[in-house]
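Below you'll find the structure, written out as structure tokens, and then a few comments.
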Amino acid sequence: MTRPYQKANIPGPEMGTSVFDPNVMANILQTPKKKIFVIGSEALSKNFTLEGKPVVEYFVEIAKKLDCQVVATGHAYIYLKDKIDASKLRDMSLINITGRLSDKNWKGFEGEGQYEMAIFGGHQVFYVSQTLSKLKNFTNWLRTIELDRYSHPNARFSLPNFSNEDWKVFLEKLIEKL
């Protein structure tokens, strides 16, 4: 078991699983569930650059391979609007999308029912941790996945605490397997 990135992040009796193998993560992401990918503006920051390539580029590739709805939070929309089909992209705050994902009566952006899988990446650790906690505790229909390089015990599946080099290798292999 991986320790949470934030030492004070004590999730309670239910803890998510850290996924070390990109093949396993690819299988999880390819399950036939209605998916949404929430990409944060941290994915555009210098801290989220892997050998000169912004992490948001990896997330765009993953979203395209999954052919899912994408929500851009913060100023990520400005960057993503030229990379993702307009019918698949929404601009919304993390708090707003969290509220919608935890509302069992919300029909999703397509009006076809609530999402079954929410994928997160590019968010500040402390901020997305609270989002994942709410979704874990107040939804029973939603599987959460966190693709940042930090262990998030409130996500059903997250990555372990990776170095930038390991994270880059993981994301490249994941994209290859999707």
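Does at least one position in region 59-70 carry a residue that is of a type in the set (Lys, Arg) and surrounded by fewer than 15 Cβ atoms within 10 Å (Cβ to Cβ)? No, region 59-70 contains no residue that is of a type in the set (Lys, Arg) and surrounded by fewer than 15 Cβ atoms within 10 Å (Cβ to Cβ).
In summary, strands (runs of 3 or more DSSP E) completely within region 25-95 and bearing 1 or more residues that are touching a Lys or Arg at 6+ places or on another chain (Cβ under 7 Å) occur at 69-72, 89-91. Just one residue in the set Arg100, Arg90 is over 24 Å from His152 (Cα atoms), surrounded by 13 or more Cβ atoms within 10 Å (Cβ to Cβ) and not aromatic (Phe, Trp, Tyr); that residue is Arg90.
Taking region 137-171 as the range and being surrounded by fewer than 21 Cβ atoms within 10 Å (Cβ to Cβ), more than 21 Å from Gln30 (Cα to Cα) and out of contact with any helix residue (DSSP H, G or I) (no Cβ under 8 Å at 6 or more places or on another chain) as the test, the residues that pass are Asn137, Phe138, Asn161, Ser163, Asn164, Glu165, Asp166.
For region 4-39, taking the residues that are small (Gly, Ala, Ser) and at pLDDT below 95, the one that is surrounded by the most Cβ atoms within 10 Å (Cβ to Cβ) is identified as Gly16.
Within region 114-129, is there a residue that is aromatic (Phe, Trp, Tyr), at pLDDT below 95 and surrounded by fewer than 21 Cβ atoms within 10 Å (Cβ to Cβ)? Working first, answer last.
In the first step, residues of region 114-129 are kept if they are aromatic (Phe, Trp, Tyr); the result is 115, 120, 126-127.
Adding the requirement that they be at pLDDT below 95 leaves 126-127.
This time we only want the ones that are surrounded by fewer than 21 Cβ atoms within 10 Å (Cβ to Cβ), so: 126-127.
Yes, that holds for at least one residue.
In region 43-64, the residues that are in contact (Cβ under 8 Å) with a residue 24 or more places away in the chain form Cβ pairs under 6 Å with partners that are of a type in the set (Asp, Glu) and assigned to a helix (DSSP H, G or I), at six or more places apart or across chains, as follows: Phe48/Glu42. Applying the criterion of being of a type in the set (Phe, Trp, Tyr) and in a loop (DSSP other than H, G, I, E, B) to the residues of region 133-178, the residue that is farthest from Ile39 (Cα to Cα) is Trp141.
The values are calculated or read from the model by the stated rules, or taken from the named source; none is laboratory data. Keep in mind that what you see is a predicted model, and the values were worked out from it rather than measured. FYI the Cβ positions are ideal-geometry reconstructions off the backbone, even for glycines, and counts take in every protein chain you see.
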